[in-house]
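*Asks:* For reference, the structure I am asking about is given below.
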Amino acid sequence: MTDLFAPLHSLENGRWFKLICGASYQHLPAVRSLTLAYTLAGADCIDVAADPAVIAAAKAGLQAAKNLTKAAQERGFDYQGGSPLLMVSLNDGEDPHFRKAEFDAVHCPSDCLRPCERVCPAQAIAFNRKPDNFSGVESQKCYGCGRCIPLCPYDIIYTRSYISTPEAIAPMVISTGVNAVEIHTQVGRLVEFQKLWQAISPWAEQLQLLAISCPDGDGMIDYLKAIYELITPRPRSLIWQTDGRPMSGDIGDGTTTAAVKLGQKVLAANLPGYVQLAGGTNSYTVAKLKAMGLLKRAGVQGSRGAGENNSSFPSAPLPLLPSASIAGVAYGSYARVLLSPILEQLENKEVNYASVQGNVHLESEPDLLWEAVGLAYSLVSQIKSQQER
């Protein structure tokens, strides 16, 4: 079936998979490789930082995937050559997803055990890293999880946050290839959200999808309802992203519980739109959702508008009705860490051979490429195949 992985159909059918590269993650080679591997594995959406260079890296990964359509099919993958939605993440105020750790390594005692280096899931902290003997936080790799801060025995690690400005938003929205936007907000920031949405709204009709990410808190449901009333014109598709335990999916199976509980809370509120989990999601998430009966079963029609079950979606937005079940799952830190051994091997090759052959792309190393796609598929297939079992 040619639209097996069509993003909007995946939302409707409860098998939506989103890769979160990271709202502040700017390591371009990794963004390109992650996009390539997860696209070939069947991802419906690639979420990246609102940075022109990052967007370009993701687009290069998408194009590389298209060029490998036949090769993927020959290896048994269901990729049909289509492109997942390309999403940029924006924020209406301070948010842990939009920060980076920093410290001056000059102040690190030589006998420090460096717990920060060991705990960093992005391998962004280094001491005397070759080839230039770099020490400190490699900013482009840091995505703001904050795990290093409380572990520093000398309390010299701090964070730098940044907020999207309306003037910077419009070019991101209308950039070629960007067809989805996610807004990170928090309870109590309705005025800030409205300002941000007003900057986006002139181009809202060009978007295939709008996602709202909000952590739990007192009055969250009322806040989300107020946001919905502000969003005009209505987007073609709307996702409520339940950010249970941000940037923690790689820690262990227990982190997914917060995401599932928050998903249940938002589902119970009957908000118009789809509900998608994030924050603490990992390989245990889909199994937990299945066990709790929160995923849509094969052959069971949801509560969406009748037109949304057709083979193609109309150009105009459909009435947004409450979601009857969890529509999908977004994976961030777990999805990245899953592929980190391969990305590290690729980076080492680039360091060793850059002076001879330039950048080393994932597709130029077939063994690493298909190992990466296989790992990515082991995660993507959980949500894609759950209705067929």
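The values are calculated or read from the model by the stated rules, or taken from the named source; none is laboratory data. Keep in mind that this is a model prediction, so the values were computed, not measured. Cβ sites come from the backbone with ideal geometry, for glycine too, and all protein chains shown count toward neighbours. Please note that ligands, DNA and RNA were not included when accessible areas were found on the heavy atoms of the full protein model with its side chains. Shrake-Rupley method; radii C 1.70, N 1.55, O 1.52, S 1.80 Å.
*Asks:* Rounded to the nearest 10 Å², what accessible area does residue 361 have for a 1.4 Å probe in the complete protein model?
*Replies:* 70
*Asks:* Longest span of the chain, sites excluded, free of chymotrypsin sites (Phe, Trp or Tyr not before Pro) in DSSP loop with at most 16 other C-beta atoms within 10 Å?
*Replies:* 163-389
*Asks:* Let me ask another. For the charge dipole of the range 1-107, defined by +1 on Lys and Arg C-beta atoms and -1 on Asp and Glu C-beta atoms about the Cα centroid, which residue among 35, 81, 50 has the Cα displaced farthest towards the positive pole?
*Replies:* 81
*Asks:* Express in % the proportion of alpha carbon pairs of the range 192-237 at distances exceeding 14 Å.
*Replies:* Considering the range 192-237, 52 percent of its Cα-Cα pairs are separated by more than 14 Å.
*Asks:* Determine the share of the chain's accessible area contributed by carbon and sulfur atoms, expressed in whole percent, with a 1.4 angstrom probe.
*Replies:* So the carbon and sulfur contribution to the accessible surface is 51 percent.
*Asks:* Given 0.36 nm per residue, what is the gain on full extension from residue 63 to residue 265 after removing their alpha carbon distance, in nm?
*Replies:* Taking residue 63 through residue 265 to full extension adds about 68.9 nm, to one decimal.
*Asks:* For the chain, what is the mean residue ellipticity at 222 nm derived from helices alone (per DSSP H run of n ≥ 4: -39500 (n - 2.57); sum divided by total residues; nearest 500 deg cm²/dmol)?
*Replies:* Rounded to the nearest 500, the figure is -11500 deg cm²/dmol.
*Asks:* Separate question: Between residue 134 and residue 175, what length in nm is gained on full extension when 0.36 nm per residue of separation is reduced by their alpha carbon distance?
*Replies:* 11.3 nm
*Asks:* Still on this structure, please answer the following. Can you tell me the equivalent ellipsoid semi-axes for the chain? Use √(5λ) from the Cα gyration tensor, largest first, whole Å.
*Replies:* Equivalent ellipsoid semi-axes, largest first: 32, 25, 20 Å.
*Asks:* Using r as the Cβ-Cβ distance of residue 112 and residue 321, and R0 as 45 Å, what FRET efficiency do you calculate, to the nearest 0.05?
*Replies:* 0.20
*Asks:* Would you grab the residues whose amide H sits under 5 Å from the one on residue 138? Only those 5+ places off in sequence or on another chain, please, with H modelled 1.01 Å from N.
*Replies:* Under 5 Å from the amide H of residue 138 lie the amide H atoms of 125, 126, each far enough along the sequence or on another chain.
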